[in-house]
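Following: one structure in structure tokens, then a few remarks.
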Amino acid sequence: MTYTMEIAGLKRDLPICKVTDDLYIGAFICFGDQEITVACAREMLKLVPADSYDYIFTAEAKSIPLIHEMARQSGATKYFIARKGPKVYMPDPLSVEDESITTVGTQKLFLGRDDADLICGKRILIMDDVISTGGSLLAMEALVKAAGGTVAGKIAVLAEGAAKDRDDIKFLAPLPLFNADGTPKA
């Protein structure tokens, strides 16, 4: 089963994937799709004025191609990625818990002290590919605050389910949640 929708002016068929017995999602994956990555980055940059933030920040992994393309298109020389595990090259990492609809259980997000020092005192634009429950957003916000930065805005390609009704995020298109038979939930 798939759900066909237009995203950033392009038509895509999203596979319908089971999360629980009564909850299914349309999987938006930009990995390997250069056309949608470039188009979404271009349209996401239009959502916020370039002078309203200093850096863009996301969590690994599906948003990495998007943040890279946003940086390339905007001329930014630096962006930040919260990692799902501590790395040996991360000095004194900060960490927060993250609960995401697409990840089983609780995970942590990490940011090295070197990146945290660059974020300190800066306006940070948080971006994600899909915002659903908002768990990943909360974790990214907590990392920005722990680093001493200020969240300047939150953007996403898609707002899934009730996230489309939030007034604290900007997004390109709404994405419904689905029933087991592939029909959108009301």
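The values are calculated or read from the model by the stated rules, or taken from the named source; none is laboratory data. Predicted model only: the values in this text are computed from it and were never measured. No Cβ is skipped: glycine too gets one built from the backbone with ideal geometry, and neighbour counts run over all protein chains shown. In case anyone asks, the SASA skips ligands and DNA or RNA and just uses the protein heavy atoms, side chains included. Shrake-Rupley method; radii C 1.70, N 1.55, O 1.52, S 1.80 Å.
For the reader, a short list of remarks on this structure follows.
- Mean accessible surface per residue for the stretch 127-168, computed with a 1.4 Å probe while every protein chain stays in place, in Å²: 35 Å²
- Computed with a 1.4 Å probe on the full set of protein chains, the accessible area for Thr106 sits at about 80 Å².
- Computed from label points 7 Å out along Cα-Cβ, the spacing between Asp117 and Glu35 is 4.5 nm.
- Checking every one of the chymotrypsin sites (Phe, Trp or Tyr not before Pro) in the stretch 1-101 against DSSP loop status and a limit of 16 other Cβ atoms within 10 Å picks out Phe31, Tyr89.
- Amide H contacts of Leu175 (H built 1.01 Å from N, under 5 Å, at least 5 apart or other chain): Ala159, Glu160, Gly161
- Residues whose amide H comes within less than 5 Å of that of Val19, counting only those at least five positions distant or on another chain, are Tyr24, Ile25 (H built at 1.01 Å from N in the peptide plane).
- Cross-link partners of Lys84 among lysines (Cα-Cα below 17 Å; sequence separation of 8 or more within a chain): Lys62, Lys108
- Label positions at Lys185 and Lys170, each projected 7 Å from the Cα along the C-beta direction, are separated by 2.8 nm.
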